[in-house]
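Here the structure is laid out as structure tokens; the discussion comes afterwards.
The values are calculated or read from the model by the stated rules, or taken from the named source; none is laboratory data. For clarity, every value in this text was computed on a predicted model and none was experimentally measured. Because the Cβ atoms are built from the backbone with ideal geometry, glycine has one as well, and the counts that use them run over all protein chains shown.
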Amino acid sequence: MEIKDLKPNTGNVDLVLEVVSKEEPRTFEKFGKSGSVCNVTVKDNSGKVKVTLWNDDVERVNLGDKIHIKNGWCSDYKGELQVSSGKFGKIEVLESNSNEILTNDPEMIKKQMSQTGDADEDEDSESDSVSDEDLDIIDDEEVIE
């Protein structure tokens, strides 16, 4: 899923995004408990959207982070799409060197694999592993091309 695919009032949002700006956190009290909330602007290849961070996520998510929203919620707030982890979702901060593909979209998988150069890796992995014994045999035999 990409930002361009978002529709208001839908759940099961699954996105991998980069945080491009972060607003100042605000604190609030509700039902006798205090909490914090903060908006960040995030982007992917298809666009930008605001994400609302709640409580622990406010401290964990920072400018420049790559995040994975799992089972999130998309809403319409004052005419703009806005995403949050919602009641049942989770926001995970990814490691900066992570090449893990976190999508079920075949087109996105194909695109990410071609960008990282992993597309040929799986096909060639068997031919890349040559044992010492195989090397001895190759050295002793004449190679005909």
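Looking at S34, S21, which one is modelled with pLDDT under 95 and either polar (S, T, N, Q) or touching a Pro at 6+ places or on another chain (Cβ under 8 Å) (or both)? Don't jump to the end; show me each part of the working.
Working: S21 fails: modelled with pLDDT under 95.
Answer to the selection: S34.
Let's see how each residue does on (1) in a strand (DSSP E or B); (2) of a type outside the set (A, V, I, L, M, F, W, C); (3) out of contact with any helix residue (DSSP H, G or I) (no Cβ under 8 Å at 6 or more places or on another chain):
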position: K4; (1), (2), (3): no, yes, yes
position: N12; (1), (2), (3): yes, yes, yes
position: L17; (1), (2), (3): yes, no, no
position: T27; (1), (2), (3): yes, yes, yes
position: N39; (1), (2), (3): yes, yes, yes
position: V51; (1), (2), (3): yes, no, yes
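Does V58 satisfy the condition of being touching a Cys at 6+ places or on another chain (Cβ under 6 Å), not charged (D, E, K, R) and not assigned by TED's automatic domain parsing to the domain that holds K111?
Values: touching a Cys at 6+ places or on another chain (Cβ under 6 Å): yes; not charged (D, E, K, R): yes; not assigned by TED's automatic domain parsing to the domain that holds K111: yes.
For V58, the condition - touching a Cys at 6+ places or on another chain (Cβ under 6 Å), not charged (D, E, K, R) and not assigned by TED's automatic domain parsing to the domain that holds K111 - is met.
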